[in-house]
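Engineer: Take a look at the following structure, please.
The values are calculated or read from the model by the stated rules, or taken from the named source; none is laboratory data. As the structure is a computational prediction, the values presented were derived from the model and not from experiment. Every residue, glycine as well, gets a Cβ built from its backbone with ideal geometry; the counts of neighbours run over all protein chains shown. Please note that ligands, DNA and RNA were not included when accessible areas were found on the heavy atoms of the full protein model with its side chains. Shrake-Rupley method; radii C 1.70, N 1.55, O 1.52, S 1.80 Å.
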There are 2 protein chains.
Amino acid sequence: MSGNQRGLVIVYTGDGKGKSTAAFGLVVRALGYGWRVAVLQFVKGTWRTGEERGFAKFGGNLVLRKLGVGFVTWHPKKSFEEHVEAARKAWEEAKRAVLSDEFDLVVLDELNNATRFGLIPVEEVLWLITNKPRRLHLVLTGRGADERVIEAADLVTEMKMVKHPFEHGEWARAGIDY
Amino acid sequence: MSGNQRGLVIVYTGDGKGKSTAAFGLVVRALGYGWRVAVLQFVKGTWRTGEERGFAKFGGNLVLRKLGVGFVTWHPKKSFEEHVEAARKAWEEAKRAVLSDEFDLVVLDELNNATRFGLIPVEEVLWLITNKPRRLHLVLTGRGADERVIEAADLVTEMKMVKHPFEHGEWARAGIDY
């Protein structure tokens, strides 16, 4: 329980690594204090990520779900409208989780990307920030956070890429990148 | 096990929030894949942090220790020499953990602060980066990472403070800041 204090709206954005992982670190702390946590990931993917495997070993009160959103530009079979429809369903689920008042911390992982690509209107996100339960901590990750979301947030960190192994021809690695 | 790939040297630095928490997120993923992990914190403090409480609930192979380093400038009873001596002991322990080859991921949390304040020579850190087991992933956190450490690292993210609730007169909170 996060008590009677006002919950924070936290944004991790920028082009560097460490946005989602920082959110997962907050989840560890929250579970440590016995909070109830939801991590809703605005991503596609059927493989099992490291965070799913890791959090599955936890005893805490955690809901972790991939919402199947992702604007896969190189996928010619899906129209933009289909992407918007998938995002709309995901957003409804995220809203339900936030407004349910059943959680102390909710992470909307990679949400900023969905708004950046126009899949979810930024006005919806601003509405949710205003109408979330007072004590709930809400964490939004993803590059390209909208200026109005940054304005509405309490704590904003820009993860700036200083150096990335992709520059040296390396690729995403299990345990580090997913 | 991280396999035969070369392990990465990852640095999270900058004045923004999310450096240690990003490292903890990597720990979640690593434990998810069954890696053996050590988190050695170059911090003082006797209270039980959220990450300690959280990770205590994990089933994975994790060692988490506070090494009792911290350059407490407002503490008049300790001389600089005493701080250096505490840091030296902590560094020996960190070196043992890295060189033991018993871990797949080692996090030296807040180490950059200890080098920044001259408590641990940066040459020692560079030596350890060069001499770590090849497959070990090594994560260094803390603001003010030395340029030579950044140069020697594979992946560097600067956590830049865009907005912080301290600006609005709020203070560190359980579950978010520790």
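Engineer: Only one of these is buried (at least 20 other Cβ atoms within 10 Å of the Cβ) and within 23 Å of residue A:158 (Cα to Cα): A:104, A:109. Name it.
Structural biologist: That would be A:109, the only listed residue that is buried (at least 20 other Cβ atoms within 10 Å of the Cβ) and within 23 Å of residue A:158 (Cα to Cα).
Engineer: If we scan segment A:129-142, do we find a residue that is touching a helix residue (DSSP H, G or I) at 6+ places or on another chain (Cβ under 7 Å), at pLDDT 95 or above and small (Gly, Ala, Ser)?
Structural biologist: Checking segment A:129-142: at least one residue is touching a helix residue (DSSP H, G or I) at 6+ places or on another chain (Cβ under 7 Å), at pLDDT 95 or above and small (Gly, Ala, Ser).
Engineer: Exactly one of (1) touching a residue at least 60 places away in the same chain (Cβ under 8 Å); (2) within 19 Å of residue A:23 (Cα to Cα); (3) of a type outside the set (Phe, Trp, Tyr) is unmet by residue A:146. Its number?
Structural biologist: If we test residue A:146 against (1) touching a residue at least 60 places away in the same chain (Cβ under 8 Å); (2) within 19 Å of residue A:23 (Cα to Cα); (3) of a type outside the set (Phe, Trp, Tyr), just (1) comes out false.
Yes/no per residue for (1) open to solvent by less than 30 Å² (accessible area, probe 1.4 Å); (2) among the small types (Gly, Ala, Ser):
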position: A:116; (1), (2): no, no
position: A:121; (1), (2): no, no
position: A:142; (1), (2): yes, yes
position: A:157; (1), (2): yes, no
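Engineer: What tally of residues in segment B:27-59 results from selecting those that are assigned to a helix (DSSP H, G or I) and either in contact with a His (Cβ under 8 Å, 6 or more places away or on another chain) or surrounded by fewer than 21 Cβ atoms within 10 Å (Cβ to Cβ) (or both)?
Structural biologist: 4
Engineer: Further question: Which residue out of A:18, A:45, A:7 is at the interface with chain B (Cβ under 7 Å from one of its Cβ atoms) and in contact (Cβ under 8 Å) with a residue 24 or more places away in the chain?
Structural biologist: Answer to the selection: A:18.
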